[in-house]
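Working notes, beginning with the structure itself.
The values are calculated or read from the model by the stated rules, or taken from the named source; none is laboratory data. Predicted model only: the values in this text are computed from it and were never measured. With ideal geometry, Cβ positions are generated from the backbone for all residues, glycine too; neighbour counts draw on all protein chains shown.
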Amino acid sequence: MKTLGVYIHIPFCVRKCVYCDFLSFPAEREIQKRYIDALKREIEENAVRYRDYTVKTIFFGGGTPSILPENDIKYIINALKVYYNISPDAEVTLEANPKTAGYEKFLALIDAGVNRLSLGLQSADNDELKLLGRIHTYEDFLKSYEEARKAGFGNINIDLISAVPSQTVKSWENTLKKAAQLSPEHISAYSLIVEENTPLGDRSSDFPPLPDEEDERLMYHRTKSILEKEGYRRYEISNYAKKGFESRHNIIYWQRGAAHTHDYAGFGLGASSTVGASRWKNTNDINKYIMSDGRDDIKEEYETLPQDDLMEEFMFLGLRMTCGISTDEFFQTFGKKAEDVYKDVLYKWTKQGFMEQSGGYIRLTDQGLDFANMVFADFIL
Ligand code: SF4
């Protein structure tokens, strides 16, 4: 059987953060209820498509999935259990905002089948949190984290963002250290990307300056050195984990090109799916989604990627991981050797010390990971 990663999009948030361009917004409870019903129908309607798959991971992302009453999450997990082959050891992750979940909800989520929690801290500095428009303080986060542990979560990710307005290298180091001292199993540490269509991007309010390029680079390097010292291994450009706690869901995403055995089903508003060379994206229109009754007319932007695009994607996504791409898997998938298709590119970047090849894998070196986007640009065929 083939492997499936399931993504469930919950687009609701208490309010919009100033940097956020995700598909998320506040909504009345009545809309949330109708959305959950439509989501369940979409899951049911697509069961036949995925009957030959084993679901290895389920990821509730958003938005803020923890905004929903726990019964909504249970209802969706139960629908998946009825219609899909869920692996007994499936990783089931839910993203939570510290202000929207506490002990009782965590207990109920564990009971519903959630076994991994991703808590959005972003910063341990309350001034930075306020500037970002987050609804929680660092103290709210600590309370939520402790209650998640007490409820029984043994696999927790903490999300952090560097290079936010007014941030100094010292305050970022402080955030990293405070997060690591709690000893979560996983830490994601991304640099803020300022998107144009957000209050931060269009400067519709006054924001203090962003860290300059030099400080941003220092933050990036300090992330690796501090987290490695605390026992975390970087396994992807922005993701760190204790041994055995790498995010299986994200790995399916980064390795999804591999032999077409790792497919990816997205359910909910704006969710994307990738099945073999085909992909599509659901509508962003909540009214259309709710009225759809789970039918295929919510699926938009259908495309079947040509082999060159698939090879590019195989390299872009796979090289994000520190283990790199397997040359055998590349050959099994495309019937061509990666070393032949990318001969000149591999020669160029290996000579400069940005790439290396050993043990059947091609990977970026630490130096290559620092300039990954520049290297990736060369993999376009
Ligand atoms: S909580 Fe997350 S999804 Fe919601 S507005 Fe903030 S950044 Fe966006």
Given (1) touching a residue at least 12 places away in the same chain (Cβ under 8 Å); (2) surrounded by 15 or more Cβ atoms within 10 Å (Cβ to Cβ); (3) within 23 Å of TYR103 (Cβ to Cβ); (4) more than 21 Å from the chain's Cα centre (by Cα), number of the condition ARG149 does not satisfy: (1)
Some residue of the stretch 153-169 being within 16 Å of the ligand (Cβ to nearest atom) and at positive phi: yes
Odd one out for ASP308, checked against (1) modelled with pLDDT of 90 or more; (2) in contact with a helix residue (DSSP H, G or I) (Cβ under 8 Å, 6 or more places away or on another chain): (2)
Filtered residue count, the stretch 303-338, keeping only those that are charged (D, E, K, R) and under 14 Å from GLY359 (Cβ atoms): 2
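For every residue, the table says whether it meets (1) buried (at least 19 other Cβ atoms within 10 Å of the Cβ); (2) under 20 Å from the mean Cα position of the chain (by Cα); (3) under 30 Å from GLY201 (Cα atoms).
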site	(1), (2), (3)
ASP111	no, no, no
GLU128	yes, no, yes
THR137	no, no, yes
VAL164	yes, yes, yes
GLN167	yes, no, yes
ASN174	no, no, yes
Some residue of the stretch 71-91 being within 16 Å of the ligand (Cβ to nearest atom) and either closer than 27 Å to LEU129 by Cβ or surrounded by fewer than 24 Cβ atoms within 10 Å (Cβ to Cβ) (or both): no
Residue satisfying condition, being under 20 Å from TYR240 (Cα atoms), in contact (Cβ under 8 Å) with a residue 12 or more places away in the chain and of a type in the set (D, E, K, R), within set LYS177, LYS143: LYS177
Number of the condition not met by ARG234 [criteria: (1) charged (D, E, K, R); (2) modelled with pLDDT of 95 or more; (3) over 18 Å from the mean Cα position of the chain (by Cα); (4) not in a helix (DSSP H, G or I)]: (3)
Filtered residues of the stretch 323-355 (kept if assigned to a helix (DSSP H, G or I), β-branched (Val, Ile, Thr) and closer than 17 Å to LEU369 by Cα): VAL345, THR350
Selection from the stretch 10-44 of residues that are more than 23 Å from ILE86 (Cα to Cα), of a type outside the set (D, E, K, R) and away from the ligand (no atom under 16 Å from the Cβ): none
Residue within the stretch 138-151 that is within 15 Å of the ligand (Cβ to nearest atom), among the basic types (Lys, Arg) and in the same structural domain as LYS229 (by TED's automatic domain parsing) present: no
Some residue of the stretch 106-117 being touching a residue at least 12 places away in the same chain (Cβ under 8 Å), polar (S, T, N, Q) and within 16 Å of the ligand (Cβ to nearest atom): no
Residue list for the stretch 45-67, restricted to those being within 16 Å of the ligand (Cβ to nearest atom) and within 12 Å of VAL114 (Cβ to Cβ): PHE59, PHE60, PRO65, SER66
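Do we have LEU117 as farther than 25 Å from PRO211 by Cβ and in a strand (DSSP E or B) here?
Details: farther than 25 Å from PRO211 by Cβ: yes; in a strand (DSSP E or B): yes.
Yes: the conditions hold for LEU117.
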Test result for GLU128, more than 14 Å from the ligand (Cβ to nearest atom) and of a type in the set (Asp, Glu): no
